[in-house]
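Colleague: To start, I am sharing the structure in question, which I have written as structure tokens.
The numbers here are math on the coordinates, done by the rules we state, and not lab data. Here the structure is a predicted model, which means the values were calculated and not measured. Note that we place each Cβ from the backbone using ideal geometry, even for glycine, and neighbour counts take in every protein chain shown.
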Amino acid sequence: MLSRYRALSTVNLADVTTFVNPPIPALTLDSPASIFMTDFRSVHPVVVNCKSNVCEALNLMKRSYVRSLLVTDIGGTSFNGIVTATDINSGKVLAYMASNQIKNRDEVLVENVMINREHIHGLDYEKISASTIGDILETIKHLSEQHVIVVDRSLTSFVVRGMFSTTNIAKALHIKFDVEPQARTFFELEQVVLHHHMV
């Protein structure tokens, strides 16, 4: 199979004294929002099956160096929602275990603590190109969410296009930016209250 390929000639580096080092652009709150968005057309999203347990999901986050996962159906094709490290590490798992008389964390499935898509606020991709990261942070602060999904209507169907992460934005701008996730349903409100009592 390798017979149709050829080895390239090499050069000696004795006379090489420097390297290409482009300037790092200064990022500010006025920088284009698109710079900070994880675009799933160029970066594969990290996904988890809704029937996976929370321990598997958390291990996947650690291996992938992310704090949130897109959740799919059993077939792995339909978008069902997202699950975050906060969902798994907060009182949500313990609350579900208590209310369902479950003793082991690995019996709690992602679908039991995930944020269903009908409770997720999304941003329209078309608006991102005319927005600054300051606009995105103000939106995130208003929504009280650590991750904001970006949807695209211009492709073949209405799809998840990307995501903004407060952690990534804060690192890039060298700022501290924390938000307290808000409850989206009455069940989540109960879990938030339980978590605050446990802390």
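Colleague: Multiplying the sequence separation of residue 142 and residue 119 by 0.36 nm and subtracting their Cα-Cα distance, what value in nm do you get?
Modeller: 6.8 nm
Colleague: A further question follows. Given R₀ = 22 Å, what would the calculated FRET efficiency be for residue 170 paired with residue 40, taking r from the Cβ atoms and rounding to 0.05?
Modeller: My answer for the efficiency is 0.55.
Colleague: Which percentage, to the nearest 5, of the DSSP beta bridges contained in segment 30-191 is antiparallel?
Modeller: Around 75 percent antiparallel, to the nearest 5.
Colleague: Using DSSP to call loops (not H, G, I, E or B), can you name the chymotrypsin sites (Phe, Trp or Tyr not before Pro) in segment 18-110 whose Cβ has at most 11 other Cβ atoms within 10 angstrom?
Modeller: 19, 65
Colleague: Straight-line reach from residue 176: which lysines fall under 24 Å, measuring Cα to Cα and dropping same-chain residues less than 8 apart?
Modeller: Candidates past the 8-residue exclusion: 62, 141.
Colleague: If one takes the longest principal axis of the Cα atoms in the chain, at what angle in degrees, from 0 to 90 and to the nearest 10, does the Cα axis of helix 54-64 lie?
Modeller: Taking the Cα atoms of the chain, the angle to 54-64 is about 20 degrees.
Colleague: Related question: Under unit Cβ charges (Lys, Arg +1; Asp, Glu -1), what dipole magnitude, rounded to 20 debye, does segment 115-163 have relative to its Cα centre?
Modeller: 80 debye
Colleague: Can I ask one more? May I have the convex hull volume per residue, in Å³, for the Cα set of segment 30-191?
Modeller: Dividing the Cα hull volume of segment 30-191 by its residues yields 115 Å³.
Colleague: Moving to a separate point now. Contour minus end-to-end for residue 28 and residue 4, with contour as 0.36 nm per residue of separation and end-to-end as the Cα-Cα distance?
Modeller: 3.7 nm
Colleague: Oh, and also: By the gyration tensor of its Cα atoms, with a ≥ b ≥ c the square roots of the eigenvalues, what is the shape of segment 72-163: rounded for a/c under 1.5, prolate for a/b over b/c, or oblate?
Modeller: oblate
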